[in-house]
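Take a look at the structure below.
Quick note: the coordinates plus some simple rules give every number you see, no bench work behind them. These numbers come from a predicted model, not from an experiment. Note that each Cβ is placed from the backbone with ideal geometry, even for glycine, and that neighbours are counted across all protein chains shown.
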Amino acid sequence: MRIATGLCAIAALLTAHAALARPLAVINYGGTLADAQQSAFVEPFQKAAGIDVTATSYSGEQAKVKAMVDASQVTWDVVEVESTDVGRGCDSGMYERIDWKAVPDATHLTKDAKTRCGVGLFAWANAYAYNTTTLKNPPQGWTDFWDTKKYPGKRGMRKSARGNLEFALMADGVKPADVYKVLATPAGVDRAFKKLDQLRPYIQWWDAGAQPAQFLVGGDVAMSTVFSGRIITAQKSGQPLAIVWNGAIADYDYWVIPKGSPMKAEAMKFINYTIAPQAQTDYLARQPGGPVNTQALARMSPEQLANLPNTPEHSKIGLVNDREFWDEHGDDLDQRFAAWAAR
Amino acid sequence: MASSTQSVAGVSHTARDEPAGAAAAATAARPAIARLRLRGDVRGALLLVAPLVLFMLVFFAVPVASLLTRGVWDDAVQKAFPATRIALAGWHTHGDVPPPAVYSALAHDILAADAAGTLGDAAARLNQNLPGMRALLTRTRHHLDDRDPMSAPDAGTLQQGLRGFDARWSEPSTWQVLERALRPLTADNLLRAVDHTRLPDGSIVPLGSDEGVYLSILGRTFWISAVVTMLVTLLGYPLTYWLNGLPPARQRPVMLAVLIPFWTSILVRICAWMVVLPQSGLVNRVLMSVDAIDHPLALLYNRTGVYISMVHILIPFMVLPLFAVMRNVPRNYTLAAISLGSHPFGAFWRVYLPQTLPGLAAGAMLVFISALGYYIAPALLGGAGDQMLSYYIAYFTNVSVNWGLAAALATLLLVATALLFIVYRMAAGRRTPLEGL
């Protein structure tokens with residue numbers, strides 16, 4: 001009798017434990033980004049809303065999200081994704097649709113920050129950087145990046161078609177405003193790959209955002225394409241790096257909710273918290289980039305404003321990533337690029 | 001056991017008289033004894049092995065098989081376009097456009113698939129067969145979304161509308177690709193893995209060099225593995241020989257020196273190489289400070305870095321089996337050969353080395369097959385032209401989420417490795433057990 005009661009008590013305890021809600025799982029890209037999110041988003045949100053949050057990092061593989069959604073065992077509630085994944089994942093049914101009427105700050109968000117399944121998190125730039133101690137004559141634009149006689153040494157480039165094809169066209173003389181028009185034609189694509197062929201012997205590929213800074217400081221490459229935020233953070237900690245803003249491509253990271261997440265309401269609360277002006281300013285003070293909330297621009301210091309990818313000066317010399325172009329042509333260009341890079 | 005020693009004695013006794021007869025008797029005795037053995041132990045053996053077999057089946061064989069079938073089975077389009085499938089069932093003419101009923105079924109399917117979230121996967125599959133299909137489907141979806149929901153056009157108007165919206169809906173190749181994609185069993189991924197593709201009209205053509213890379217990557221993978229195996233053998237054999245010759249008290253610290261890196265996480269070791277090998281890293285700084293070199297050596301992000309790190313990681317896989325075999329090789333055979341007049345190196349080459357060959361072969365096979373599957377070391381320490389096939393399998397699994405092609409490439413690697421292993425077994429099996437001595 002006592003054994004039976006004991007067993008029943010244990011069973012009750014176990015089921016009660018299983019019924020307790022788990023913390024909200026927020027997934028980001030790690031590194032300095034994760035630290036900035038921890039102080040600006042996670043901790044204040046936990047205090048304000050009383051919901052437990054655990055933040056973990058990943059390197060962008062959507063395969064894990066797909067496996068979770070397919071198996072209906074979703075343990076990730078809010079995931080930070082790039083513009084590459086936000087459209088395709090939505091079409092593949094991996095993410096929940098966003099009910100924009102229920103987002104309080106929706107009217108203040110920039111146009112690019114609102115998508116069917118994703119809420120913009122912050123803006124950053126795809127540009128290139130160099131080590132100021134090794135390169136005395138500062139390079140000016142993408143033609144200089146391709147000029148291996150004037151600036152000898154290896155070039156770090158992200159192992160992805162996105163960005164590199166636009167950079168190649170700009171190095172070949174195409175104006176930033178015309179890049180996507182040219183890239184939409186087969187002749188334009190051939191032109192971009194031919195230009196990349198010129199640089200091929202000097203390219204050193206990177207995958208993770210933290211690698212370019214390491215390459216530049218270690219002296220293995222002379223210049224490298226970078227995520228602007230990571231380099232500005234490195235500059236703040238004393239590294240002798242400089243960014244070339246001429247021809248930079250502004251892009252966004254998005255929050256998405258994997259389809260079937262059991263904590264969808266809490267996930268939306270978290271997302272709404274992060275796009276509020278105060279949270280955006282706090283985050284961008286630590287992870288340099290551009291806000292998605294136009295109201296946050298008013299609260300930023302002049303020094304922060306100078307590093308934004310979408311300031312008026314930077315917008316004139318750069319361009320914004322065309323998400324629709326990449327949604328449509330991404331598959332073909334990615335495959336062709338993968339085959340090209342394999343040789 | 002008894003029969004084999006008997007037959008050995010028989011051979012040595014009658015070696016000069018009737019070698020054939022004794023050998024024949026030995027061969028005849030073996031099967032009879034083997035049959036006796038099998039009858040007694042079968043049930044017990046199977047019972048002992050059953051839990052392991054079950055475990056391997058459930059946690060290894062079944063998941064691997066189900067993943068590999070993704071290489072030939074893709075029902076994304078079938079799931080997304082059920083009405084179109086039924087409507088297309090009766091259409092056989094190739095070179096003409098389908099009837100209006102098919103168009104209205106397609107329009108209905110596109111909107112339904114978008115709402116259900118199945119349109120993306122179908123678009124991805126179709127885009128592989130005919131580039132541009134994803135853009136076509138996305139734009140058609142927008143066009144259908146923008147239609148007035150109150151209007152309910154008849155099938156003919158809908159057909160005209162779609163054909164007018166985008167000329168590709170009038171092209172027979174679009175419909176041929178769609179019809180073929182509606183069948184879930186597909187050879188497209190396997191064809192792509194061997195650098196071929198199927199055109200919309202059904203013919204199979206080889207891919208040009210700018211898209212057909214996987215066979216050359218497979219060749220590169222085997223080459224890198226072969227070079228690494230050779231380097232590991234050249235470095236590992238002398239190390240093990242020396243280790244074996246040490247007194248047991250001194251063997252222990254050397255063995256630890258081999259085992260501790262073996263127990264360290266592979267990622268930690270690779271990151272350590274990323275600190276030691278760069279141009280401003282430890283190796284180059286030391287060499288430059290003793291004036292051995294003028295410019296820093298490029299040891300990282302190229303084939304050299306890959307070889308260095310893979311050899312470092314795989315040496316214990318050679319040392320351990322080889323050591324186990326060398327320990328049991330009697331010392332006096334070499335000494336006897338030398339005392340009979342052989343040159344020391346000749347004694348080593350013709351007496352010692354053949355006795356250690358089983359360990360060497362086991363170690364080499366282990367190293368080679370492990371090396372075939374490596375992708376972290378080339379990915380982090382190699383350049384663009386050093387990536388092995390596993391890197392592409394990982395890329396298609398994780399980054400581009402194209403599990404069909406990843407499974408097809410995995411099948412390619414598996415089949416190539418299995419063929420090589422069969423060739424090795426055939427070459428090794430030609431030696432009978434008696435020839436080992």
What are the radius of gyration and Dmax of the range A:192-343, computed over its Cα atoms and given in Å? 18.2, 51
Compactness ratio of the range B:275-344: Cα Rg over 2.2 N^0.38 Å, N = residue count? 1.86
Label-to-label distance, nm, for residues given as residue B:53 and residue B:369 (7 Å Cα→Cβ offset): 2.0
Taking every residue of A:91-103, the Cβ atoms of other protein chains inside 10 Å of its Cβ average out to 3
C-alpha long axis of helix B:214-245 to longest principal axis of chain B, angle in °: 20
Using the Cα centre as the reference, give the magnitude of the dipole from point charges on the C-beta atoms of the protein assembly as shown (Lys, Arg: +1; Asp, Glu: -1; all else neutral), rounded to the nearest 20 debye. 2640
Strictly greater than 35 Å: what percent of every Cα pair in chain A meets that? 27
Using each residue's phi in the range A:176-183, evaluate 6.51 cos²θ - 1.76 cosθ + 1.60 at θ = phi - 60° and report the 3J(HN,Hα) Karplus result to the nearest Hz, with x for Gly and Pro. x, 5, 9, 4, 5, 5, 5, 5
Net charge over other residues, Cβ less than 13 angstrom from the Cβ of residue A:151 (K, R count +1; D, E count -1): +3
In terms of the charge dipole of chain B, which places +1 on Lys and Arg and -1 on Asp and Glu at the beta carbon, the residue among B:208, B:87, B:428 farthest towards the positive end is B:428
Sort A:3, B:422 so the one with the fewest other Cβ atoms within 10 Å of its own Cβ comes first. A:3, B:422
Measuring from the lowest to the highest alpha carbon on each principal axis, how far does the range B:230-312 reach, largest first, in angstroms? 43, 29, 23
Unit Cα scatterers, Debye sum, the range A:107-230: log10 I(q)/I(0) for q = 0.14, 0.23 Å⁻¹: -0.67, -1.35
Can you give the net charge of the other residues whose Cβ lies under 12 Å from the Cβ of residue A:273, counting K and R as +1 and D and E as -1? -2
Expressed as a whole percent, how much of the Cα-Cα distance distribution for the range B:35-164 exceeds 26 Å? 45
Using all Cα-Cα distances in the range B:324-395, what percent lands in each 10 angstrom bin from 0 up to the longest? 18, 28, 18, 18, 15, 4, 0
Is there a quick way to get the dipole size of the range B:288-431? I mean about its Cα centre, with the Cβ of Lys and Arg at +1 and of Asp and Glu at -1; what is the value in debye to the nearest 20? 780
The protein assembly as shown: radius of gyration and largest Cα-Cα distance (Dmax), Å: 32.0, 106
Amide H neighbours of residue A:250 under 5 Å, at least 5 residues apart or on other chains, H built in the peptide plane: list them. A:126, A:319, A:320, A:321
Counting residues in chain B as N, plug N into 2.2 N^0.38 Å and put the Cα Rg over that result. 1.42
List the relative contact order of chain B as a percent without decimals, with contacts defined as Cα pairs under 8 Å and 6+ residues apart. 16
How large is Rg over Rh for the range A:25-101, taking Rg from the Cα atoms and Rh as the Kirkwood inverse mean of 1/r across Cα pairs? 0.98
Which whole number gives the average, over all residues in B:393-404, of C-beta atoms from other chains lying within 10 Å of the residue C-beta? 5
Suppose we look only past 20 Å in the calculated P(r) of the range A:140-212. What percent of the Cα-Cα pairs does that tail hold? 29
Using only Cα atoms and rounding to the nearest 10 degrees, what angle (0 to 90) does helix A:323-342 make with the longest principal axis of chain A? 70
Taking amide hydrogens as modeled 1.01 Å from N in the peptide plane, which residues meet the under 5 Å criterion relative to residue A:92, leaving out close sequence neighbours? B:120
Take every Cα pair under 8 Å in chain A that's 6+ residues apart, average their separations, divide by the length, and report that relative contact order as a whole percent. 26
Once each part is reduced to its C-alpha centroid, what is the distance from the range B:114-191 to the range B:261-280 in angstrom? 50
Counting sequence-distant residues (5 or more places) and residues on other chains, those with an amide H built under 5 Å from that of residue A:290 are A:123, A:124
Report the trypsin sites (Lys or Arg not before Pro) located in the range B:320-381 that are in a DSSP loop and have at most 13 other Cβ atoms inside 10 Å of their Cβ, or state none. B:331
Inside 10 Å of the C-beta atoms of A:332-341, what's the mean count of C-beta atoms belonging to other chains? 5
At a 10 angstrom cut-off on C-beta neighbours, averaged per residue, how do the peptides B:114-122, A:58-66 rank from highest to lowest? B:114-122, A:58-66
Cβ-Cβ FRET estimate between residue B:428 and residue A:116, R0 fixed at 51 Å, reported to 0.05: 0.30
Compute the projected area of the convex hull of the Cα atoms of the range B:140-269, averaged over all viewing directions, and report it in nm² to one decimal place. 16.0
Once R0 is set to 22 Å, what does the formula 1/(1 + (r/R0)^6) return for the Cβ-Cβ distance between residue B:148 and residue A:99, expressed as a FRET efficiency to the nearest 0.05? 0.35
